[in-house]
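Report on the following structure.
The values are calculated or read from the model by the stated rules, or taken from the named source; none is laboratory data. Since we're looking at a predicted model, the values are computed, not measured. Ideal geometry is used to build each Cβ from the backbone, glycine not excepted, and the neighbour counts take in all protein chains shown.
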Amino acid sequence: QSSVTLFGVLDADLKYVKTGDLTMKKLDSGGLNTSRLGVRGTEDLGGGLKAGFWLETQVDTDTGTTGTGAFWGRRATVSLSGDFGEVRLGRNKTVSRLHLEDFDPTSFTGLGSVSVLYSNLGSGNSTSYGRADNLASYSLPTNLGGFYGGVDVSAGEGTGTNKGQSVRLGYKQGPLHVSGAYASTSNAADSSKFKLASLGGAYDFGVVRPSLSYTQTKYLSREQKIWTAAVTVPLGQQGQLWGSFTDAKANGVAETAAAGYTPIGDAKLYAVGYIHSVSKRTALYTTFSQLKNDGAARFIIGGAPAATANGQKSSGFDVGIRHSF
Amino acid sequence: QSSVTLFGVLDADLKYVKTGDLTMKKLDSGGLNTSRLGVRGTEDLGGGLKAGFWLETQVDTDTGTTGTGAFWGRRATVSLSGDFGEVRLGRNKTVSRLHLEDFDPTSFTGLGSVSVLYSNLGSGNSTSYGRADNLASYSLPTNLGGFYGGVDVSAGEGTGTNKGQSVRLGYKQGPLHVSGAYASTSNAADSSKFKLASLGGAYDFGVVRPSLSYTQTKYLSREQKIWTAAVTVPLGQQGQLWGSFTDAKANGVAETAAAGYTPIGDAKLYAVGYIHSVSKRTALYTTFSQLKNDGAARFIIGGAPAATANGQKSSGFDVGIRHSF
Amino acid sequence: QSSVTLFGVLDADLKYVKTGDLTMKKLDSGGLNTSRLGVRGTEDLGGGLKAGFWLETQVDTDTGTTGTGAFWGRRATVSLSGDFGEVRLGRNKTVSRLHLEDFDPTSFTGLGSVSVLYSNLGSGNSTSYGRADNLASYSLPTNLGGFYGGVDVSAGEGTGTNKGQSVRLGYKQGPLHVSGAYASTSNAADSSKFKLASLGGAYDFGVVRPSLSYTQTKYLSREQKIWTAAVTVPLGQQGQLWGSFTDAKANGVAETAAAGYTPIGDAKLYAVGYIHSVSKRTALYTTFSQLKNDGAARFIIGGAPAATANGQKSSGFDVGIRHSF
């Protein structure tokens, strides 16, 4: 009677990270994919209609903790799908975040994650490139000849930073993939909006799959522009080499301190990695990344020591294992 | 070798709530049934004897959190059952709470829940109409020709508000259901007792099932009396209409402020709802409820904004989906 | 596709504990085995190689909470095993803890647990007789003719008390079991080390299995020496009687107060218990234990009230049920 799937990923890596002169060796969790445990299921309601649910919690393999947010902070949704598409209710990634992930070879995870360069520009709201509470989302049906898309709205419930909406449209057919997203989220007072617009494209030549994306964000008159060029190269049946280069630029206002705002700056992120699939579920991997800050920038590689001065370099290297179930 | 069932409910609703002039639109969790995830199982020990366990955690689909209390705060029990009945040890609903639920069409959940009118009258102990830690309970066997019953005791362990006992006796056969419960719980200093006595009855005429219940509580010389009249009406194979009216009256002492006590007052709760079962496991539903406060009363509908003045009206409307697995 | 096992133990006991004149009756969790819920699985990678994972959370059946530490604080590991042995990464018991458990009939659990006598001697680090974060461990293969062993290292990650290593070697063949362990862990400042050395042996005569172990710990010039003599006696097909006597002695420096150090003293622990297996998965049990403190010692039985003076006696009695799945 019960049709439940218990699934997850456990990922652990040995990591060496450095920011300026500070270094650290650590056993960490989620170098390739964030470690997680989930429960999900669907029920066929007849007539093409399906009900579904999805619960997913973060797992930190190094310490046994469950991340810093809500227990089911990765996802807690109930959904109805059919010929009309899918409606999902609950906490989840926004569709603009899903767009951004698709053009980062790391999917916003680990030492090479492009996500560390994204700033909310002082708006206090990061849901457009993250996850949102109280989210109602709609996805187009999957039979539109390669076209796909979705839109979501998160209810503010009296808190501005809970409020937002995003939309995404894409085309993925054969070797070609292009996608665009737009999101707008509110600040705490619900007085001004943070806006994100992004375009991405990739073409799979078989021996190599290059991709390019451009994202622009704005809050008040602060702006950030992020270019990512990436490439993935299959090596035999089991191997995959990938690399990415990201250039993030802040405009002058974004580089200027203001009440309640810590200025950002320009930065460049270089990342390369290799993934060796031992089986369908288990992979060994290694990653190297380096982040160069300019001016007031204090961005750091995920998991690296906090920067102690402007313009420091942050870098990391890891080897790890990812087991999914 | 392992005989474990993973089960749960994910329920999300779009809700509009109002108290006085304050209104809120929200995506909420548990409009029909509280969202939850559980693990349970039984083992046949031979000779009619069975061992069993039950773990159940609340899930908030809107934010991914797990409620405000203990992780397995809904239930964490191990039990032995046989011809003699069942003994359960652990955190669980008290038998008096189980009695009260049976005569509220919402089972104490969602916008129409009668539970919002229950006060502990300043005793600090709500376990008689809720759940209790350290609970040892005994249930009569299920083959007594319609008669059933249970008794439980919760150990104080040095904290008065952990201490209580409750008893319940009922008869459910054919269309008739009657039940009575009595509970007594301690205040923090273990110096005085909060007492609850309740009677309920229902008769299923097939086309309509009316029910009536009366509950009286007392702490020091404060008293509350709660009448609930309810009706459920099946509509076709898949539909169910329900309605309830509750009248809660406090005596003069309960309406008088005292050190450490916020006075309550009289209130009336009207609730109607409709549940459409799409399948055995999935239902769509809608609820409307209105709560009218008298005098010093500041009761609110579950999930509504807090009252800012005495005697305000609180109301709510939702549409939602409940998926169980 | 998914090969996951959901497993656990739910254990509840009715307990009477006493320290000095303070007594308490309680419903408690984990009198025989700590209540827990876990998810584990393995994947065959071919060529004798296996990947595996293990997540395990504590459950408190009395209150529904999950213990005081991390949610998956009992274990969160991913591993690779093969002809070479096994490598595990994540939070887990240290191999020195596994050694110590093997020579306590209670495996460090419940009223008779020897663990309450272990002191970190002011070092602030208890991982050598407990669990450690950031642990990388290696175990010898299991086909060495009875010899077994393991070694582990936990990365400090900038916190001295996260840093340690331990090693264990043993021989278990037929009726004989001998094992030795050595561990060294750092204090917070990573300036001095807490050291633990232990030896244990047991011989199964069939009608009775006596065991003996000796553990010595040192930090600065503080020392503790712990002797445990234990015996287990099978009674019929379903019963097991066990008893243990432990003598813990502190040297003069360990008995002397110092800045940030609460002195310990000498103590003796007597414990007896009986376990009746109703089935493979379910057991009823009873335990009695008494702990006698000397001098400045304020050790208490697990779950007993805190000592209010030096040299008090602490004792406990319980009856309970343990159900595993």
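Exactly one condition in (1) more than 12 Å from chain A (Cβ to nearest Cβ); (2) within 23 Å of residue C:106 (Cβ to Cβ) is false for residue C:56; which is it?
Failing condition for residue C:56: (1).
Name the residues in the range A:75-105 that are touching a Ser or Thr at 6+ places or on another chain (Cβ under 6 Å) and among the basic types (Lys, Arg), would you?
If the condition is that a residue be touching a Ser or Thr at 6+ places or on another chain (Cβ under 6 Å) and among the basic types (Lys, Arg), then A:88, A:91 are the ones that fit.
Determine whether residue C:281 is at the interface with chain B (Cβ under 10 Å from one of its Cβ atoms), within 22 Å of residue C:59 (Cα to Cα), under 21 Å from the mean Cα position of the chain (by Cα) and among the charged types (D, E, K, R).
Values: at the interface with chain B (Cβ under 10 Å from one of its Cβ atoms): yes; within 22 Å of residue C:59 (Cα to Cα): yes; under 21 Å from the mean Cα position of the chain (by Cα): no; among the charged types (D, E, K, R): yes.
No: the conditions fail for residue C:281.
So which residues in the range A:110-134 are closer than 26 Å to residue B:60 by Cα and either of a type in the set (Asp, Glu) or within 17 Å of the chain's Cα centre (by Cα) (or both)?
A:125, A:126, A:127, A:128, A:129, A:130, A:131, A:132, A:133
Among the residues of the range C:38-53, which ones are small (Gly, Ala, Ser) and within 7 Å of chain A (Cβ to nearest Cβ)? Walk me through it before giving the result.
Quick first cut of the range C:38-53, residues small (Gly, Ala, Ser) only: C:38, C:41, C:46-48, C:51-52.
Passing the criteria: C:41, C:51.
So which of B:299, B:288 is in contact (Cβ under 8 Å) with a residue 40 or more places away in the chain and either crowded, with 18+ Cβ neighbours inside 10 Å or within 14 Å of another protein chain (Cβ to nearest Cβ) (or both)? Break it down stepwise before answering.
Details: B:288 fails: either crowded, with 18+ Cβ neighbours inside 10 Å or within 14 Å of another protein chain (Cβ to nearest Cβ) (or both).
Within the list B:299, B:288, the selection yields B:299.
Assuming residue B:72 fulfils every condition listed in (1) within 14 Å of chain A (Cβ to nearest Cβ); (2) aromatic (Phe, Trp, Tyr); (3) part of a strand (DSSP E or B) apart from one, which condition is it?
(3)
Inside the range B:200-211, can you point out the residues that are surrounded by fewer than 16 Cβ atoms within 10 Å (Cβ to Cβ) and assigned to a strand (DSSP E or B)? Quick ask: steps written out before the conclusion?
Initially, the range B:200-211 is screened for residues surrounded by fewer than 16 Cβ atoms within 10 Å (Cβ to Cβ), giving B:203-208, B:210.
Answer for the range B:200-211, where residues must be surrounded by fewer than 16 Cβ atoms within 10 Å (Cβ to Cβ) and assigned to a strand (DSSP E or B): B:203, B:210.
Looking at C:187, C:134, C:162 in this structure, which one is surrounded by fewer than 23 Cβ atoms within 10 Å (Cβ to Cβ) and of a type in the set (S, T, N, Q)? First the steps, then the outcome.
Numbers: C:134 fails: surrounded by fewer than 23 Cβ atoms within 10 Å (Cβ to Cβ); C:162 fails: surrounded by fewer than 23 Cβ atoms within 10 Å (Cβ to Cβ).
From the options C:187, C:134, C:162, the qualifying one is C:187.
Among residues belonging to the range C:46-69 that are of a type in the set (D, E, K, R) and either more than 18 Å from the chain's Cα centre (by Cα) or more than 9 Å from residue C:36 (Cα to Cα) (or both), point out the one that is surrounded by the most Cβ atoms within 10 Å (Cβ to Cβ).
Step one: filter the range C:46-69 for residues of a type in the set (D, E, K, R), giving C:50, C:56, C:60, C:62.
Cutting the leftovers down to either more than 18 Å from the chain's Cα centre (by Cα) or more than 9 Å from residue C:36 (Cα to Cα) (or both) gives us C:50, C:62.
Working: C:50: 16, C:62: 27.
The extreme case among them is C:62.
Yes/no matrix, rows are residues, columns are (1) polar (S, T, N, Q); (2) in a strand (DSSP E or B); (3) under 24 Å from residue B:264 (Cβ atoms):
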| position | (1), (2), (3) |
| --- | --- |
| B:141 | no, no, no |
| B:151 | no, yes, no |
| B:156 | no, no, no |
| B:165 | yes, yes, no |
| B:172 | no, yes, no |
| B:181 | no, yes, yes |
| B:189 | no, no, yes |
| B:213 | yes, yes, yes |
| B:218 | no, yes, yes |
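Would you check which residues across the range A:271-292 are touching a Gly at 6+ places or on another chain (Cβ under 6 Å) and among the hydroxyl-bearing types (Ser, Thr, Tyr) and list them?
Selection gives A:285, A:287, A:289.
Determine which member of the set A:31, A:8, A:38, A:48 is touching a residue at least 12 places away in the same chain (Cβ under 8 Å) and closer than 17 Å to residue B:324 by Cα.
Details: A:31 fails: closer than 17 Å to residue B:324 by Cα; A:8 fails: closer than 17 Å to residue B:324 by Cα; A:48 fails: closer than 17 Å to residue B:324 by Cα.
Being touching a residue at least 12 places away in the same chain (Cβ under 8 Å) and closer than 17 Å to residue B:324 by Cα holds for just one of A:31, A:8, A:38, A:48, which is A:38.
Only one residue in C:272, C:167 is of a type in the set (A, V, I, L, M, F, W, C), buried (at least 16 other Cβ atoms within 10 Å of the Cβ), under 30 Å from residue C:154 (Cβ atoms) and touching a residue at least 40 places away in the same chain (Cβ under 8 Å). Which one? Spell out how you get there, then give the answer.
On the way: C:272 fails: under 30 Å from residue C:154 (Cβ atoms).
Exactly one of C:272, C:167 is of a type in the set (A, V, I, L, M, F, W, C), buried (at least 16 other Cβ atoms within 10 Å of the Cβ), under 30 Å from residue C:154 (Cβ atoms) and touching a residue at least 40 places away in the same chain (Cβ under 8 Å), namely C:167.
Restricting to the range A:249-302, count the residues that are charged (D, E, K, R) and farther than 16 Å from residue A:228 by Cβ.
From the range A:249-302, those charged (D, E, K, R) are A:249, A:255, A:266, A:268, A:280-281, A:292, A:294, A:298; that's our starting set.
Next, from what is left, pick out any that are farther than 16 Å from residue A:228 by Cβ: A:255, A:280-281, A:294, A:298.
Residues flagged as charged (D, E, K, R) and farther than 16 Å from residue A:228 by Cβ within the range A:249-302 amount to 5.
Could you please find all residues in the range B:10-35 being facing chain A (nearest Cβ under 10 Å), buried (at least 23 other Cβ atoms within 10 Å of the Cβ) and either part of a strand (DSSP E or B) or at pLDDT below 95 (or both)?
Of everything in the range B:10-35, those that are facing chain A (nearest Cβ under 10 Å), buried (at least 23 other Cβ atoms within 10 Å of the Cβ) and either part of a strand (DSSP E or B) or at pLDDT below 95 (or both) turn out to be B:10, B:11, B:12, B:13, B:15, B:27, B:28, B:29.
Applying the selection to the range C:121-147, what residues are more than 14 Å from every other protein chain (Cβ to nearest Cβ) and of a type in the set (S, T, N, Q)? Before the answer, list the steps.
First, the residues of the range C:121-147 that are more than 14 Å from every other protein chain (Cβ to nearest Cβ): C:121-126, C:128-129, C:139-147.
Those that are more than 14 Å from every other protein chain (Cβ to nearest Cβ) and of a type in the set (S, T, N, Q): C:123, C:125, C:126, C:128, C:139, C:142, C:143.
Filter the range A:103-147 for residues that are in contact with a helix residue (DSSP H, G or I) (Cβ under 8 Å, 6 or more places away or on another chain) and aromatic (Phe, Trp, Tyr) and give the result.
Across the range A:103-147, the qualifying residues are A:108, A:118, A:129.
Just to be sure I understand, how many residues within the range C:81-116 are surrounded by fewer than 24 Cβ atoms within 10 Å (Cβ to Cβ) and assigned to a helix (DSSP H, G or I)?
5
Within the range A:122-138, is even one residue basic (Lys, Arg), in contact (Cβ under 8 Å) with a residue 12 or more places away in the chain and assigned to a strand (DSSP E or B)? Give the steps one after another, and end with the answer.
Residues of the range A:122-138 basic (Lys, Arg): A:131.
Right, trim to in contact (Cβ under 8 Å) with a residue 12 or more places away in the chain and you get A:131.
So of that shortlist, the ones also assigned to a strand (DSSP E or B) come out as A:131.
Looking through the range A:122-138, at least one residue is basic (Lys, Arg), in contact (Cβ under 8 Å) with a residue 12 or more places away in the chain and assigned to a strand (DSSP E or B).
Just checking, which of C:156, C:150 is within 14 Å of chain A (Cβ to nearest Cβ) and touching a helix residue (DSSP H, G or I) at 6+ places or on another chain (Cβ under 6 Å)?
Values: C:150 fails: within 14 Å of chain A (Cβ to nearest Cβ).
Of C:156, C:150, the one residue that is within 14 Å of chain A (Cβ to nearest Cβ) and touching a helix residue (DSSP H, G or I) at 6+ places or on another chain (Cβ under 6 Å) is C:156.
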